[in-house]
Amino acid sequence: MRRLGEFEQMLLFAVLRLGDGAYGTAIRQEIASRTAQDLSPGAVYTALERLETRGYVASWFGEPTPERGGKRKRFYRVEAAGATALNRAYRALLAMGEGQAEHLDLLERGIE
Amino acid sequence: MSSAEPPRLTTRLLALLLPGRVFEAVAGDLEEEFRERLRHTSPRRAGAWYRRQAIRSIVTCWRGSRPAVRTSPRDRGGPLQDLSLDVRFALRSFTRNPGLVVLVTLTLALGIGATTAIFTVLDATLLRPLPYSEPERLVAVYEENDARGWTWNQASPANFLSWRERSTTLEDITAHGFRVGWAFAGPDDRAEWLDGATVFHNFFEVMGARPVLGRGFVDDEVWGGARVVVISHGLWQRAFGGDPEVVGQIIALDEIEREIVGVAPPGFAFPDTGIDVWAPFRWSRENVEAAWFRRAHFIWPVGRLAHGVDESTAHAEIQTIAAGLQAEYPETNESMSAGVVSLQRWVVGDTRRPLLILGLAVSAVLLVACANIANLLLARATGRRQELAVRSALGAGRARLVRQLLTESVCLAALGGAAGVGVAALMTRGLVLLAGEAIPPTSPVTMDARVMGFALFITLATGLGFGLFPSLQLGWARLSEVMNESSRSGSADPRPARARNLLVVAEVALAVVLVAGAGLMLRSLDALYAVDPGFSLDNLVTAEFELPGSRYGDQVAVETFFDELVDRLVATPGVVGVSATDTLALEGTRWTSDLFIDGRPPADTPYIFNRRIVDHRYFTTLGVPVLRGRSFTAADGPDTPDVIIINETLAGQVFPGEDPVGERIRFGDDDDDPWLTVVGVVGSERVEGLDANPWGEIYLTTRQEPIWYLNLLVRGAAGGQAEAAVQRELAALDPLVPIIRFRPFEEIVSGSLSMERLLTTLLTAFAAVALLLAAMGLYGVLAYSVAQRTREIGIRVALGARGDDVLRIVVKRALVLVVTGGALGAAAYGAVASTFRALLFEVSPGDPLTLGGVLLVMLATGFAAAYLPARRATRVDPVEALRSE
């Protein structure tokens with residue numbers, strides 16, 4: 001099982017946070033508001049597509065709406081396998097980073 | 001460009017480049033956020049954001065499709081990855097060979113540009129459905145009479161009413177009359193001339209054009225009811241400022257008040273562009289049974305096919321109905337048939353054939369361009385055999401190499417296509433200007449998505465087409481052997497050279513057909529310009545206007561007005577003569593009528609002639625010679641005997657070998673039909689255009705047959721001066737009479753030749769391009785063969801061959817190619833020559849002068865192309881040539 005990249009973890013968390021409302025624009029806005037990263041819709045869907053083929057997320061189409069020019073929203077939810085992978089990656093990172101935040105900040109500023 | 005919709009082109013691009021599932025989600029998200037952005041930013045910025053995000057999405061999506069782990073070189077990357085590699089490789093190879101790339105791009109830009117421009121015109125006229133509701137169900141219904149040589153003729157109102165009553169295959173039939181016009185006192189109180197049409201009451205229903213305000217016409221209004229009009233959307237906006245209360249307002253047209261009952265939908269124009277007012281016919285119920293109502297053919301019926309009925313069924317039915325009418329009304333309907341043709345065909349009419357010829361000609365140019373490029377690429381591929389062999393040895397499959405070569409040629413084509421679209425935009429604009437009246441005004445000629453699709457299609461097709469030849473070479477060559485070839489022997493394989501010869505022969509053949517066609521059109525146009533119209537065109541201008549019957553009620557009023565106007569104009573410095581007629585020469589119409597001659601038995605068949613009313617100054621002013629008898633004079637009048645003048649042509653038909661002066665003629669055989677005395681015979685003017693032989697004409701005088709619609713003819717003053725003088729004097733006499741049109745007669749002549757000019761100009765240009773390309777192709781092949789045979793030539797020179805002998809080798813080769821191509825071209829020309837016949841004036845498709853000219857042009861081209869290679873061959877130094885091993 002391949003490890004999840006940072007981007008993939010962010011996506012999975014965004015889907016998790018949004019619950020029933022997890023579709024492209026909402027996911028991008030969630031990531032933008034929390035991390036100040038502006039992603040293109042193409043990037044989001046390509047990555048989600050990849051996660052879906054691995055069974056980490058599932059997707060379904062909603063109803064077409066006029067403000068989307070009659071196109072449907074594509075919603076995502078995190079599957080059990082996805083939860084496992086994310087949990088593992090996130091916890092591994094947490095375990096490794098525990099207590100290192102201040103150290104990192106100082107290093108970044110070139111103090112040590 | 002700013003709008004509340006996301007950029008359409010970008011969305012299409014997305015749809016094209018993203019997988020379907022991804023596309024829907026991405027485009028939906030983008031559109032949603034685009035609309036969100038519209039609320040607090042400008043449409044332009046929102047559009048820019050949309051475009052930027054779309055491009056980013058495409059890029060990430062493509063890059064992301066690459067699997068993270070590459071296993072083996074064979075399945076490395078997907079097809080897209082390979083494609084992008086191929087494209088990059090192709091572009092890199094182009095930078096090594098900029099000359100070739102520029103040459104190919106220019107050639108293609110010309111070929112694709114010209115083809116796209118012609119397609120734009122063809123699309124707007126022949127291919128695109130007419131801009132009416134369910135246009136495929138609209139048909140023109142016409143009358144036909146073999147005995148009188150009528151095809152696609154106007155119908156008589158009574159026959160039209162009978163068809164309408166009896167037809168079941170046509171849901172309904174309506175009709176319109178000739179284009180008419182009215183003087184309209186606009187908002188600024190200056191009289192304006194409005195173009196209009198009179199129509200049957202069901203016109204808007206049948207055309208499927210529901211008025212946006214008010215209504216169309218009702219039955220009663222055709223039969224002498226209230227005077228009403230429907231105005232165009234354009235006039236509503238222009239003259240009434242889009243006033244929603246316009247329905248019910250009264251407007252004065254020709255100083256007669258009419259009620260506006262409706263406003264036509266925007267863009268609706270029929271039977272012509274620029275129609276501003278529609279009014280119902282004004283017929284009387286008593287007329288319906290009158291013989292003349294069935295005999296006079298002056299309306300154009302348009303029908304709507306019933307659902308599920310096709311054109312041929314309706315045609316058969318109308319023919320049956322017409323046959324029935326023949327039996328019922330033998331007196332008026334003898335040998336009178338009728339038919340149905342799709343309205344599209346009808347509108348395009350005579351222009352169909354020339355437009356199709358242009359389409360064929362431009363396709364030939366494109367083919368020549370492709371052959372030329374294939375030739376260039378083939379030469380290049382021959383030089384690349386080693387490279388390809390090496391790549392094959394390193395594991396590239398044959399399919400992979402073919403794909404590489406095709407990618408290169410498609411990339412080249414894409415460059416050419418992109419430039420070609422620019423060329424097409426310019427050429428289309430030029431074409432529309434050049435065409436003038438030659439292009440029927442059905443739809444606007446614009447480059448829209450369809451045209452762009454076409455350009456894309458021919459770009460791909462040409463790319464694959466000329467890419468095929470270098471690829472084929474891979475099939476011929478055993479690549480492993482190529483690697484063992486020494487460079488000096490070049491390619492021992494004769495097939496690429498043969499392919500190149502074949503291409504050049506094809507180019508020459510196509511060029512021959514184009515040059516011959518252009519030559520014929522030039523000769524024909526020349527003959528047309530040489531035609532004597534029967535009158536003098538020098539400094540002759542015409543001004544049309546109409547006197548309102550309400551204020552000029554009788555002949556005396558018209559005559560007084562007109563004499564005053566003439567006096568004033570003649571007093572203007574530079575004006576030599578002034579005259580008036582109801583119909584201009586070259587714009588006449590045919591009358592078919594019986595002529596009864598006093599003291600002789602009636603003739604079996606009716607005569608076909610043009611009937612015109614002219615004033616007594618006409619023949620002097622126009623320079624038409626009076627051959628016998630006298631001209632009209634100011635003394636002819638309502639109280640003197642009715643007089644006519646006939647032309648030479650009619651005199652020859654009706655009074656062969658006799659002097660017609662003094663004979664009496666009348667149009668009907670009733671006792672109350674007046675006798676008209678022939679007082680003179682004049683020279684024949686061309687009535688229906690320069691290409692139609694003069695017909696018989698009967699002239700009546702305005703003194704006895706007053707006219708209210710005048711074509712004023714002014715000779716002498718330079719164009720602008722005459723116009724100003726007419727404007728000034730007319731305004732001084734009656735400011736409420738607007739001038740409808742003001743035209744130099746030269747313009748009328750060139751207008752009547754606009755299709756011929758268009759065809760000739762374009763064919764000549766196409767022929768020149770094809771010739772140039774063929775010469776380039778020929779040069780390429782000859783130069784290459786000289787280079788290939790340097791050693792052989794060196795040996796010959798060493799063995800004593802002189803410059804002439806060497807020259808002969810090259811020239812002979814050029815001649816063989818030109819003659820073979822020429823023979824093929826002549827055969828192809830023979831096959832299409834008959835298509836030209838209908839377009840030619842006094843020149844036959846086998847015109848020896850033209851064909852001789854073509855032969856000379858082709859030989860000259862051959863020699864020109866052979867010159868440089870031949871000179872190079874004679875300068876081969878045998879020592880150098882032999883050493884170059």
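Looking at (1) within 15 Å of B:Trp283 (Cβ to Cβ); (2) in contact (Cβ under 8 Å) with a residue 24 or more places away in the chain; (3) of a type in the set (D, E, K, R), which one does B:Arg215 not meet, given that it meets all the others?
(1) is the only condition that B:Arg215 fails.
Here are the criteria: (1) assigned to a strand (DSSP E or B); (2) open to solvent by less than 20 Å² (accessible area, probe 1.4 Å). Tell me which single one B:Asp172 does not satisfy.
The single condition B:Asp172 does not satisfy is (2).
Can you find a residue in the range B:107-118 that is in a helix (DSSP H, G or I) and out of contact with any Gly (no Cβ under 9 Å at 6 or more places or on another chain)?
No, the range B:107-118 has no match at all.
Which one of B:Arg166, B:Arg179, B:Arg238 is basic (Lys, Arg) and at pLDDT below 85?
Matching residue, one of B:Arg166, B:Arg179, B:Arg238: B:Arg179.
Conditions (1) β-branched (Val, Ile, Thr); (2) touching a Pro at 6+ places or on another chain (Cβ under 8 Å); (3) part of a loop (DSSP other than H, G, I, E, B), marked per residue:
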{"residue": "B:Val504", "(1), (2), (3)": "yes, no, no"}
{"residue": "B:Glu507", "(1), (2), (3)": "no, no, no"}
{"residue": "B:Ala516", "(1), (2), (3)": "no, no, no"}
{"residue": "B:Asp532", "(1), (2), (3)": "no, no, yes"}
{"residue": "B:Leu537", "(1), (2), (3)": "no, no, yes"}
{"residue": "B:Pro548", "(1), (2), (3)": "no, no, yes"}
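Does the range B:208-218 hold any residues that are under 14 Å from B:Thr198 (Cα atoms) and surrounded by fewer than 20 Cβ atoms within 10 Å (Cβ to Cβ), and which are they? Even if it seems obvious, please write down each step before you answer.
Step one: filter the range B:208-218 for residues under 14 Å from B:Thr198 (Cα atoms), giving B:216-218.
Scanning the range B:208-218 gives a single hit, B:Val218.
Would you confirm whether or not the range A:86-104 contains a residue that is open to solvent by less than 20 Å² (accessible area, probe 1.4 Å) and within 19 Å of B:Cys61 (Cα to Cα)?
Within the range A:86-104, none of the residues are open to solvent by less than 20 Å² (accessible area, probe 1.4 Å) and within 19 Å of B:Cys61 (Cα to Cα).
For the range A:20-38, enumerate the residues that are of a type outside the set (S, T, N, Q), more than 7 Å from chain B (Cβ to nearest Cβ) and either open to solvent by 60 Å² or more (accessible area, probe 1.4 Å) or closer than 22 Å to A:Glu79 by Cβ (or both).
Scanning the range A:20-38 gives A:Asp20, A:Gly21, A:Ala22, A:Tyr23, A:Ala26, A:Ile27, A:Arg28, A:Glu30, A:Ile31, A:Arg34, A:Ala36, A:Asp38.
Would you call A:Arg77 away from chain B (no Cβ under 14 Å), in contact with a helix residue (DSSP H, G or I) (Cβ under 7 Å, 6 or more places away or on another chain) and not acidic (Asp, Glu)?
It is true that A:Arg77 is away from chain B (no Cβ under 14 Å), in contact with a helix residue (DSSP H, G or I) (Cβ under 7 Å, 6 or more places away or on another chain) and not acidic (Asp, Glu).
List the number of the failed condition for A:Ala32; all other conditions in (1) of a type in the set (A, V, I, L, M, F, W, C); (2) without any contact (Cβ under 8 Å) to a residue 12 or more places away in the chain; (3) under 21 Å from B:Trp62 (Cβ atoms) hold.
Failed condition: (3).
Report the residue count in the range B:598-620 for those that are of a type in the set (S, T, N, Q), outside any loop (DSSP other than H, G, I, E, B) and more than 19 Å from B:Asp642 (Cβ to Cβ). I'd like the intermediate steps shown before the answer.
The initial filter retains those residues of the range B:598-620 that are of a type in the set (S, T, N, Q), namely B:605, B:610, B:620.
Going one step further and asking which of them are outside any loop (DSSP other than H, G, I, E, B), we end up with B:610, B:620.
Filter once more, keeping what is more than 19 Å from B:Asp642 (Cβ to Cβ): B:620.
Of the residues in that region, 1 qualify.
Is it true that B:Gly248 is closer than 28 Å to B:Val141 by Cβ, assigned by TED's automatic domain parsing to the domain that holds B:Ser284 and open to solvent by 20 Å² or more (accessible area, probe 1.4 Å)?
Details: closer than 28 Å to B:Val141 by Cβ: no; assigned by TED's automatic domain parsing to the domain that holds B:Ser284: yes; open to solvent by 20 Å² or more (accessible area, probe 1.4 Å): yes.
No.
Just name the residue that is modelled with the lowest pLDDT out of those in the range B:724-763 that are closer than 29 Å to B:Ala506 by Cα and open to solvent by 50 Å² or more (accessible area, probe 1.4 Å).
Quick first cut of the range B:724-763, residues closer than 29 Å to B:Ala506 by Cα only: B:756-763.
Retained after the next criterion (residues that are open to solvent by 50 Å² or more (accessible area, probe 1.4 Å)): B:757, B:761.
Details: B:Arg757: 86, B:Thr761: 89.
Residue satisfying both the conditions and the ranking: B:Arg757.
Exactly one condition in (1) over 13 Å from the mean Cα position of the chain (by Cα); (2) in a helix (DSSP H, G or I) is not met by A:Glu49; state its number.
The single condition A:Glu49 does not satisfy is (1).
Only one of A:Arg72, A:Arg109, A:Arg50 is more than 9 Å from chain B (Cβ to nearest Cβ) and surrounded by fewer than 20 Cβ atoms within 10 Å (Cβ to Cβ); which?
Criteria check complete, one pass: A:Arg109.
Could you pull out every one of the helices (runs of 4 or more DSSP H) wholly within the range B:307-395 that has 3 or more residues that are hydroxyl-bearing (Ser, Thr, Tyr) and open to solvent by 40 Å² or more (accessible area, probe 1.4 Å)? Don't jump to the end; show me each part of the working.
On the way: elements: B:311-328, B:330-333, B:343-348, B:352-383, B:385-393.
Passing ranges, in order: B:311-328.
Got a number for residues in the range B:841-871 being assigned to a helix (DSSP H, G or I) and either open to solvent by 60 Å² or more (accessible area, probe 1.4 Å) or out of contact with any Leu (no Cβ under 9 Å at 6 or more places or on another chain) (or both)?
Total meeting the criteria: 14.
Only one of these is touching a residue at least 24 places away in the same chain (Cβ under 8 Å) and over 12 Å from B:Pro470 (Cβ atoms): B:Arg391, B:Arg403, B:Arg385. Name it.
The match here is B:Arg403.
Can you tell me which condition B:Trp193 does not meet? The list is (1) closer than 26 Å to B:Ser133 by Cβ; (2) touching a residue at least 40 places away in the same chain (Cβ under 8 Å); (3) not basic (Lys, Arg), and all the others hold.
With (1) closer than 26 Å to B:Ser133 by Cβ; (2) touching a residue at least 40 places away in the same chain (Cβ under 8 Å); (3) not basic (Lys, Arg) applied to B:Trp193, the lone miss is (1).
If you go through the range B:4-16 one residue at a time, do you hit one that is within 10 Å of chain A (Cβ to nearest Cβ), open to solvent by less than 20 Å² (accessible area, probe 1.4 Å) and part of a helix (DSSP H, G or I)?
yes
If you go through the range B:660-674 one residue at a time, do you hit one that is under 32 Å from the mean Cα position of the chain (by Cα) and in a loop (DSSP other than H, G, I, E, B)?
Of all residues in the range B:660-674, those under 32 Å from the mean Cα position of the chain (by Cα) come to none.
Checked the range B:660-674: no residue is under 32 Å from the mean Cα position of the chain (by Cα) and in a loop (DSSP other than H, G, I, E, B).
When the residues of the range B:581-636 are narrowed to those that are within 19 Å of B:Trp675 (Cα to Cα) and acidic (Asp, Glu), which ends up modelled with the highest pLDDT?
B:Asp636
Being of a type in the set (Phe, Trp, Tyr), open to solvent by 10 Å² or more (accessible area, probe 1.4 Å) and within 39 Å of the chain's Cα centre (by Cα) is the requirement here; does B:Tyr618 meet it?
Judged against the criteria, B:Tyr618 is not a match.
The values are calculated or read from the model by the stated rules, or taken from the named source; none is laboratory data. Remember, predicted model here, so these are calculated numbers, not experimental data. Here Cβ is always computed from backbone atoms with ideal geometry, including for glycine, and neighbour counts include all displayed protein chains. For the accessible areas, the whole protein counts, side chains as well, though only heavy atoms, and no ligand, DNA or RNA atoms are used. Shrake-Rupley method; radii C 1.70, N 1.55, O 1.52, S 1.80 Å.
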